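Novice: Following this message is one structure expressed as structure tokens.
Bear in mind these aren't lab numbers, they're just calculated from the coordinates by the rules spelled out. Keep in mind it's a predicted model, so treat the numbers as computed, not measured. No Cβ is skipped: glycine too gets one built from the backbone with ideal geometry, and neighbour counts run over all protein chains shown.
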Amino acid sequence: MTSPTDSLTPHAVDLTDGDVTRAAELASRVAANLDTVIKGKHDTVRLVTVALVAGGHVLIEDVPGVGKTLLAKALARTVDGSFRRIQATSDVLPTEITGVSVYHESSEDWSFRPGPIFADIVLVDEINRATPRTQSALLEAMEERQVSVDGVTRPLPHTFTLLATQNPVEHVGTFPLVEGQRDRFLTVASLGYPDHDSARALLLGSGGTRSLDCLRPVLSADELAWVRTAADAVFVDPRVADYILEIVERTRRHADVALGVSPRGALATLQAARAHALMEGRPFIAPADVKAIAAGVLSHRLLLHGGPDLELATAIVHGLLLDVAVPRP
Amino acid sequence: MTQSGSFARLRRRFGTPRPEGSLPFRATVLAAILVAATAVLREVGAGPRLWMVVWLGIPAGFVWSHRRRFERNLWLKALLALAVLVAFANFLRIVSEIAVSGAAQLQLPLAELFVWVQFLHSLDVPSRRDLLFSLSSSAALMIVAAVLAMSMQFGVFLAVWGVAALASLGLAYRSRLAETPGLDRVVEDENGQRDVAARTAVLSFGRSTALAAVVVACAATFVFALLPRTQATTAFSFPAALRDMVRLPGGGLANPTLGGGGESGRGPTQAELEGRAAFGYFGFATEMDTALRGRPDDTLVMRVRSSEAAFWRGQTFDTWDGRRWTVTRDRPDVLAGRDEVIDVPLGPYDTSYGTRRLVQTYHVEVPGPNIIFAAYAPERLYFPDNAVFQLPDGSLRAGVELGTDAVYTVVSTRHDVTVEMLRASDSLPLGIGAAGEELYTRLPEIPARVRDLAADVTATAPTTYDKVMALQRWLAENTTYSLDIPPLPEGADTVDHFLFVEKRGFCEQIGSSLVVMLRSLGIPARLTVGYLPGDRNPFSGMFEVRARDAHAWAEVWFPGVGWQGFDPTAEVPLAGEGPGLAGTDLVAWAGAAIPGLVRLLPGAAVLLAFVFVAWGARALVRDVRRRHGLRRSGWAAREIGRLERAGRRMGRIRGPTDTTPEFVADLGARTDLPAEEIERLSATLEAASFGPTPPSEAERERAEVIAATIGRQR
């Protein structure tokens, strides 16, 4: 695999040094682009980039006004592909997302009019305002990368990435995502309040929405597809896989956790670690990659006894990383 | 990585190593070879052709292979392999000729072979590995020269060679370091504090060579000073030793291996013989009954160090009664000596010593008779007692028991007997006196058909020698050798029964028949018992004499020559066989084995191919397993273990959840090494631990240098 236009056959190729360098360079371009808009949130930006490379969906969960939508829009702009935005409300119907079949009188035929989900980057704003019926329509699209309308299954592009935002504080008129749905996001990112310097920069006119206008796409849809194929080809040593599984299994035995990480979560961890390794310029996963992405990928999948608490879940994952021995050669 | 890793590995394993570019390194190796070859040629006294090969051929070869070091040189390699084979075949041919002719000059062909191989190899030394191989073969040449060296002038060569070899080793190391990528950058770092890796890795070349030379010289002088110097006087003595001094009644024959009857020295009866040791021979007694049966086994009775094979004679029998041989002159003289050296005079029935000396050292392995064995005719004896006994026939007996580990040395004199000498001796006076002639031609009443047979067989033979040979031939054609013969019928004459009835027998019957028939013709003859030479051990060079080698044969008197042994039983040459060179037996064995080896070649080729395929399959399996990550990376584990030990010394103990990069970064922060080197070390270690393909050799070497530098930190 040497060029982005190569056929997309995951798992069947070896990465050359040139491939790795190129993929790392593309990813760092994305992160650098996001950094110009989202000031001072380097870790979050990196996590979102990992998700993009790994081919995962991102849920941005935070209080209003810290730039959730801005991050999503910046990511959408960074990729030079089709972008659709869905503003979720309780009256959005599933067909308004997936698309409908329309009868044409002139040709006396039905034709499919694709919904906004048929795009490379889809932003679902305030996803918890959509009804559970609409949310579950998104489910199939996220997991299967396809939609079924009127009994016909239609595939989504390989580059399909869903970004969703939600405000966890508001409860009135919302339908909180059920566990199964949170699990389908590769990572849940939260921005938090900007530090003083970043906030001042925002006030003084750099960064934020204004810089969004200056943002140029740095990654074509083809390149994104290629990078994802490259990530699929990253080598996994069995001992590293064991390391991932050990962490995952520990979440299930943890005293504070009611429901631990599913096998899907383990797969997501592996995929994110692959993307991270590629971004580090490595054709294989090192334990450090697992450590770097574990909290971002696993925390939102933990169902705690004390109710949802992302901060506590993150602390639990960090505690496990300090407990599980890294693999040795 | 797009290409299959297995092929890349195979290519790495078999592909030509990087060509060596360092001219000084090449030059010092050449100097070492020239010095070593010169030392060898000087010692063997080689002709101008070899000198030209060394001083023109080898330098030319070095220039050639330096110029062509980037080529693949496949045709040259094939040609060189062929030439080496030719040189070796030539060497084998010369050696086999030497083995036949008996010359002791094995040194020159060997040196010639070494020099030719050295020259041929010098044509194809593109890489450092080849040059180092050349250097070690020059060490082999130095060893050859040291073995041959006879003067202190060799020391000069040794010193020069040592300096050249040390210098080339140092240069080889420096050239290896130069290949490690990026190290030069570390060296050139402007910050004086940051060249730790470079400083520790690249020692000053000149200083290290000088230091090594001094250390080697000091150690060599020390060892040389401590080594005991051989005393020159000991060269005039020969081994003689005895573990226990057990006196025997003066002059008598004692043979404890023959059971009860042996003590008196008398021969045993068949009944007594059952009680003998399995390795006892009934011939080693004063009386030998040819009606006895039963042969000794394979027990190793003694080892003989001798430069040539000979019959190890024990004693002779003079009187025959138709069935028994007896030693009638059993009143020995005492031979006294000083300092364990005893001069052995000729017996009364002997005329002169031979013209050539043969030294034999006997190492007794199991207690046996007190007979002192010797090749004919003993002149001087080195014996661990101050006196021995000599019988009139010249046989020697010890006054002590010859137990295990007894050692004595006999210096014998030998005639280089020729057929012409034996034929000519008929014209000389007999020389053993009337008593001797009477003693050794005396016969009892024997059947007339025996006398007639002897007369008939020898009717056309003109000389004594021809008569002996005619009788031997007749015996060989008309009787057969067998250890398994029925007992002698009561009252039968042994010789008559053997020649006309049984026609089968072993050495006692065959030997006795020859002696009796010769005596019937008036030729002085006697029966001698002793040992065959035995098999020569090609490694120790000693003859291994076993109990079954006990033998009886005829001795015939030839005026002017002395008693000459004839063995009608076996084909043993009159004089010794072959030269006394240590390697000759081995070479002769190898020469005999070569046709067999050639027949084995196709099988060997198939075997080799099989081994090669198996090796390739193993490499492939390992490669596949490694790609699936099943093989633990020994290199990474070792290097990480070394770093962890260093960390414990430095107070940074690696926790179980620390990744290698985290740990190495912490260690690196405590050194002066640049951070990028530390990161690179981590990357190499992680790739070796968890990557799909191991890092390159250059990367590993570089990582080792950095890791070693960290390990040396306090």
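Novice: What's the center-to-center distance, using Cα atoms, between the range B:121-178 and the range A:120-146 in Å?
Specialist: Using only Cα atoms, the two centres lie 78 Å from each other.
Novice: Is the shape of the range A:166-323 rounded, prolate or oblate, going by the alpha carbon gyration tensor and its root eigenvalues a ≥ b ≥ c, with a/c under 1.5 for rounded and a/b larger than b/c for prolate? Walk me through the numbers before you get to the answer.
Specialist: Details: a/c = 1.86, a/b = 1.14, b/c = 1.63.
Oblate, because a/c is 1.5 or more while a/b does not exceed b/c.
Novice: To continue, here is another question. If you find the alpha carbon centre of the range B:273-334 and of the range B:664-681, how far apart are they in angstrom?
Specialist: The range B:273-334 and the range B:664-681 have Cα centres separated by 86 Å.
Novice: I'd like the FRET efficiency for B:Val223 and B:Met52, computed as 1/(1 + (r/R0)^6) with the beta carbon distance as r and R0 of 45 Å, rounded to 0.05. Numbers along the way, then the final one.
Specialist: Numbers: r = 37 Å, r/R0 = 0.83.
In this case the efficiency is close to 0.75.
Novice: Going by how many other Cβ atoms sit within 10 Å of their own, how do B:Phe558, B:Phe500, B:Phe566 line up, fewest first? Intermediate values should be presented prior to the final figure.
Specialist: Values: B:Phe558 27, B:Phe500 14, B:Phe566 22.
Least to most surrounded, the residues fall as B:Phe500, B:Phe566, B:Phe558.
Novice: Another question, then. For B:Leu335, what residues show an amide H to amide H distance below 5 Å, using hydrogens built from the backbone and excluding near sequence neighbours?
Specialist: For B:Leu335, the qualifying residues are B:Val388, B:Phe389, B:Gln390.
Novice: Per residue of A:234-244, how many C-beta atoms from partner chains lie within 10 Å of its own C-beta, taken as a mean? Walk me through the intermediate numbers first.
Specialist: Working: counts 1, 8, 3, 8, 4, 5, 3, 1, 0, 1, 0.
Across the residues of A:234-244, the mean count of other-chain Cβ atoms within 10 Å is 3.
Novice: How big, on average over all directions, is the shadow cast by the Cα convex hull of the range A:234-329, in nm²?
Specialist: Numbers: hull surface 22.3 nm².
Dividing the Cα hull surface by four gives the mean projection, 5.6 nm².
Novice: Putting +1 on Lys and Arg Cβ atoms and -1 on Asp and Glu Cβ atoms, find which of A:Ile316, A:Leu304, A:Ile247 reaches farthest to the positive end of the dipole of the range A:234-329.
Specialist: A:Ile247
Novice: May I pose another question? Below 8 Å, C-alpha to C-alpha, sequence gap of six or more: please give me the relative contact order for chain A in percent.
Specialist: 24
Novice: Using the membrane-span-like helix rule (whole DSSP H runs, Cα extent along the own axis of at least 20 Å, mean Kyte-Doolittle hydropathy at least -0.5), which helices of chain A qualify? Before the final figure, lay out the partial values.
Specialist: On the way: long enough: A:17-37 (31 Å, 0.00); A:238-253 (22 Å, -0.57); A:263-279 (24 Å, 0.34).
Span-like helices here: A:17-37, A:263-279.
Novice: Would you kindly calculate the mean projected area, averaged across all directions, of the convex hull enclosing the Cα atoms of chain A, in square nanometres? Kindly include the intermediate steps, with their values, before the conclusion.
Specialist: On the way: hull surface 75.6 nm².
That works out to 18.9 nm².
Novice: Rg/Rh for the range B:629-714 to two decimals, with Rh computed the Kirkwood way over all alpha-carbon pairs.
Specialist: Values: Rg = 12.0 Å, Rh = 12.8 Å.
Here the Rg-to-Rh quotient is 0.94.
Novice: Let me ask something additional. Given points 7 Å out from each Cα along the Cα-Cβ axis, report the A:Asp80 to A:Glu105 separation in nanometres with one decimal.
Specialist: Taking the simple label geometry, A:Asp80 and A:Glu105 are separated by 4.4 nm.
Novice: Per-residue mean of other chain beta-carbon atoms within 10 angstrom of the beta-carbon, peptide B:658-666? Intermediate results must be reported in sequence, preceding the final value.
Specialist: Numbers: counts 3, 9, 7, 3, 4, 1, 0, 0, 0.
Rounded to a whole number, the mean comes out at 3.
Novice: Would you calculate the convex hull of the Cα atoms in the range B:256-568 and tell me its volume per residue in Å³? Numbers along the way, then the final one.
Specialist: Values: hull volume 40.6 nm³, N = 313.
Value for the range B:256-568: 130 Å³ per residue.
Novice: Now a separate question. Quick one: if you stick a label point 7 Å off each Cα along the C-beta vector at B:Thr463 and B:Ala669, how many nm between them?
Specialist: It is 10.5 nm.
Novice: All other residues with a Cβ under 14 Å from the Cβ of B:Leu300 taken together, and with Lys, Arg as +1 and Asp, Glu as -1, what is their net charge?
Specialist: My count for the surroundings of B:Leu300 gives -3.
Novice: Another question about this same structure. Among residues other than A:Val124 whose Cβ falls under 13 Å from its Cβ, what is the net charge (Lys/Arg +1, Asp/Glu -1)?
Specialist: On the way: positive: A:Lys68, A:Lys73, A:Arg84, A:Arg85, A:Arg129, A:Arg184; negative: A:Glu61, A:Glu96, A:Asp125, A:Glu126.
After counting each charged neighbour, the total is +2.
Novice: Could you rank the peptides B:321-328, A:96-103, A:159-166, B:397-404 by their average count of other C-beta atoms within 10 Å per residue, with the highest value first? Please report the intermediate quantities before stating the final value.
Specialist: Working: B:321-328: 18.1, A:96-103: 16.1, A:159-166: 24.5, B:397-404: 20.2.
By packing density, highest mean first, the sequence is A:159-166, B:397-404, B:321-328, A:96-103.
Novice: Okay, next question. What net charge is computed for the residues neighbouring B:Arg423, neighbours being all others with C-beta under 12 Å from the C-beta of B:Arg423, Lys and Arg scored +1, Asp and Glu -1? Please report the intermediate quantities before stating the final value.
Specialist: On the way: positive: B:Lys467; negative: B:Glu420, B:Asp426, B:Asp466.
So the surrounding residues net to -2.
Novice: Here's a follow-up. Between the range B:486-512 and the range B:346-374, what is the C-alpha centre distance in whole Å?
Specialist: Using only Cα atoms, the two centres lie 30 Å from each other.
Novice: If we sort B:486-499, B:75-88 on the protection proxy, mean other Cβ atoms within 10 Å, highest first, what's the order?
Specialist: Values: B:486-499: 17.1, B:75-88: 13.1.
Ranked from most to least packed, the peptides come out as B:486-499, B:75-88.
Novice: Can you give me the relative contact order of the range B:256-568 as a percent, contacts being Cα pairs under 8 Å and 6 or more apart? If you can, show how the numbers build up before the last one.
Specialist: On the way: 697 pairs, mean separation 69.0, N = 313.
Rounded, it is 22 percent for the range B:256-568.
Novice: One quarter of the convex hull surface, Cα atoms only: what value does that give for the range A:31-96 in nm²? Intermediate values should be presented prior to the final figure.
Specialist: Numbers: hull surface 21.9 nm².
Averaging across all directions leaves 5.5 nm² for the Cα convex hull.
Novice: I've got another one for you. Can you give the extra length, in nm with one decimal, that the chain gains between B:Val246 and B:Arg680 once fully stretched, where that is 0.36 nm per residue apart less the Cα-Cα distance?
Specialist: Working: separation 434, 0.36 × 434 = 156.24 nm, distance 8.08 nm.
Result: 148.2 nm gained on full extension.
Novice: Apply the a/c threshold of 1.5 to the C-alpha gyration tensor of the range B:341-423 and tell me whether it is rounded, prolate or oblate.
Specialist: Numbers: a/c = 2.27, a/b = 1.81, b/c = 1.26.
Prolate, because a/c is 1.5 or more and a/b exceeds b/c.
Novice: What FRET efficiency comes out for the pair B:Arg338/B:Thr404, r = Cβ-Cβ distance, R0 = 22 Å, nearest 0.05?
Specialist: Details: r = 27 Å, r/R0 = 1.22.
With a Förster radius of 22 Å, E is 0.25.
Novice: Would you mind classifying the range A:65-185 by shape? Square roots of the alpha carbon gyration tensor eigenvalues, ordered a ≥ b ≥ c; an a/c under 1.5 is rounded, otherwise it is prolate if a/b is larger than b/c and oblate if not.
Specialist: Numbers: a/c = 1.92, a/b = 1.48, b/c = 1.30.
It is prolate, given that a/c is not under 1.5 and a/b is the larger ratio.
Novice: Right, here's the next one. Considering amide H positions built from the backbone, and no H for Pro or chain starts, which residues 5 or more places from A:Lys39, or on another chain, come under 5 Å of its amide H?
Specialist: Long-range HN contacts for A:Lys39: A:Gly208.
Novice: In this model, which of A:Lys39/A:Lys291; A:Lys41/A:Lys73; A:Lys41/A:Lys68; A:Lys68/A:Lys291 are farther than 18 Å apart at the alpha-carbon? Present the calculation step by step, with values, prior to reporting the outcome.
Specialist: Working: A:Lys39/A:Lys291 24 Å; A:Lys41/A:Lys73 16 Å; A:Lys41/A:Lys68 12 Å; A:Lys68/A:Lys291 25 Å.
Pairs exceeding the cut-off: A:Lys39/A:Lys291; A:Lys68/A:Lys291.
Novice: Okay, moving on. Can you pull the mean other chain C-beta count within 10 Å for peptide B:688-696? Present the calculation step by step, with values, prior to reporting the outcome.
Specialist: Details: counts 1, 9, 16, 7, 9, 4, 0, 0, 0.
Averaged over the peptide's residues, the number is 5.
Novice: Let me ask something else. Could you list which residues have their amide H under 5 Å from that of B:Thr286, counting only those 5 or more apart in sequence or on another chain, with H placed in the peptide plane?
Specialist: Residues meeting the amide H criterion: B:Arg266, B:Gly267.
Novice: For the range B:120-160, which semi-axes, largest first and in whole Å, follow from the square roots of 5 times the eigenvalues of its Cα gyration tensor?
Specialist: 26, 10, 7
Novice: For B:Glu697 and B:Thr418, calculate 0.36 nm times their separation in residues minus their Cα-Cα distance, and state this gained length in nm to one decimal.
Specialist: Working: separation 279, 0.36 × 279 = 100.44 nm, distance 7.12 nm.
That works out to 93.3 nm of additional length.
Novice: Shifting gears a bit: Between A:Asp309 and A:Arg145, what length comes free when the chain is fully extended (0.36 nm per residue of separation minus the Cα-Cα distance, one decimal in nm)?
Specialist: Details: separation 164, 0.36 × 164 = 59.04 nm, distance 2.92 nm.
Gain in length upon complete extension: 56.1 nm.
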